[in-house]
Amino acid sequence: MTEAAALIRAAAGDAPVRLGLILGSGLGHLAQTVNGPAIPYADLPGFPHIGVSGHNPHLHVGTLHGIRVAVFGAREHYYENGNPAAMRPALETLKALGAPDLILTNAAGSLRPDIRPGDLMLLCDHINYNGLNPLIGEPTDARFVPMTDAHSPHLRAALQAAAQAEGIPLPQGTYCWYSGPSFETPAEIRMLKTLGGDAVGMSTVPEVILARFLGLNVAAISTITNMAAGLSDEAISHAHTKAMAPLGAAKLERILRHFLTNLR
Ligand code: HPA
């Protein structure tokens, strides 16, 4: 067990966690409704020190719709310190708390005309365009993680069923990881479209790799905050991302609540 896991158990009880949830930009409301303590990342050894505005660096451990959850209010992005494995200790802690499943959320730009700002996209696959990997330096053979079906077909089906029950469209698509913190150029977006990408963002992919390494089932949903560079007249900015995230966040929250209600 990690030192952080022991501290979390002391603060929030020993019952195993059923589900981990990492919240992206502007998606923090759900965390506030967890029935349990909010533990500052600063108190948890190995957890990241978060510097991005619009994020809430607390781990909320408790129940949500009767399910024991660990909700991560913030993540460290690669662009903060150049460490693709920044979330490894946090995810190892989730594993130590007993969680079999992990849901990731993020804000992303759309490459598809039929997926607009305010819409959601379920990741069916991803392109690690950075070529960075959080497992570089991992000495064991466990580093050779298969990435076929990395985005759990079982969790995706459950999320789609929840979306359908709520009457919310949830198209699936391929997410491209670009390091940031600068946004992409229009030429880069044309390239990503050619490569088969449907959305672009600055997170999630290293966490999917780490989750699979740790044996966690993982699925991810993007809230689309903008059309990617060159695909609309709108100016792209972090302020715009933060302002637009709540549009999709309300729908995402309904899907996640429905999903939790049906989780066993
Ligand atoms: N590009 C990268 N990351 C993003 C975007 C984008 O257009 N929108 C929100 N996060």
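Being touching a helix residue (DSSP H, G or I) at 6+ places or on another chain (Cβ under 9 Å) and either away from the ligand (no atom under 13 Å from the Cβ) or more than 27 Å from ASN83 (Cα to Cα) (or both) is the filter here, so list the residues in segment 228-256 that pass it. Answer for segment 228-256, where residues must be touching a helix residue (DSSP H, G or I) at 6+ places or on another chain (Cβ under 9 Å) and either away from the ligand (no atom under 13 Å from the Cβ) or more than 27 Å from ASN83 (Cα to Cα) (or both): GLY230, LEU231, GLU234, PRO246, ALA249, ALA250, LYS251, LEU252, GLU253, ARG254, ILE255, LEU256.
Residues in segment 31-56 that are of a type in the set (Gly, Ala, Ser) and under 19 Å from VAL69 (Cβ atoms) were compared, and the one that is modelled with the lowest pLDDT is ALA31. Counting the residues of segment 15-30 that are away from the ligand (no atom under 16 Å from the Cβ) and at pLDDT 95 or above gives 7. Residues in segment 119-138 that are at pLDDT 95 or above and either within 16 Å of the ligand (Cβ to nearest atom) or more than 17 Å from the chain's Cα centre (by Cα) (or both): 13 in all.
Applying the set (1) closer than 22 Å to PRO181 by Cα; (2) open to solvent by 10 Å² or more (accessible area, probe 1.4 Å); (3) touching a residue at least 40 places away in the same chain (Cβ under 8 Å) to HIS29 leaves exactly one unmet item: (1).
What helices (runs of 4 or more DSSP H) lie completely within segment 177-264 and have 3 or more residues being open to solvent by 50 Å² or more (accessible area, probe 1.4 Å) and either of a type outside the set (Phe, Trp, Tyr) or within 22 Å of ASP149 (Cα to Cα) (or both)?
Numbers: elements: 186-194, 205-214, 238-262.
Those helices (runs of 4 or more DSSP H) span 186-194, 238-262.
Look at segment 118-146: where a residue is farther than 18 Å from LEU195 by Cα and open to solvent by 30 Å² or more (accessible area, probe 1.4 Å) and a partner is in a strand (DSSP E or B) and among the aliphatic types (A, V, I, L, M), sitting 6+ places away or on another chain with Cβ atoms under 7 Å, you get ASP119/ILE224.
The values are calculated or read from the model by the stated rules, or taken from the named source; none is laboratory data. All values derive from a computational prediction rather than experimental measurement. Cβ coordinates were reconstructed from backbone atoms using ideal geometry, including for glycine residues, and neighbour counts include every protein chain displayed. These accessible areas exclude ligands, DNA and RNA; they are computed on the full protein's heavy atoms, side chains included. Shrake-Rupley method; radii C 1.70, N 1.55, O 1.52, S 1.80 Å.
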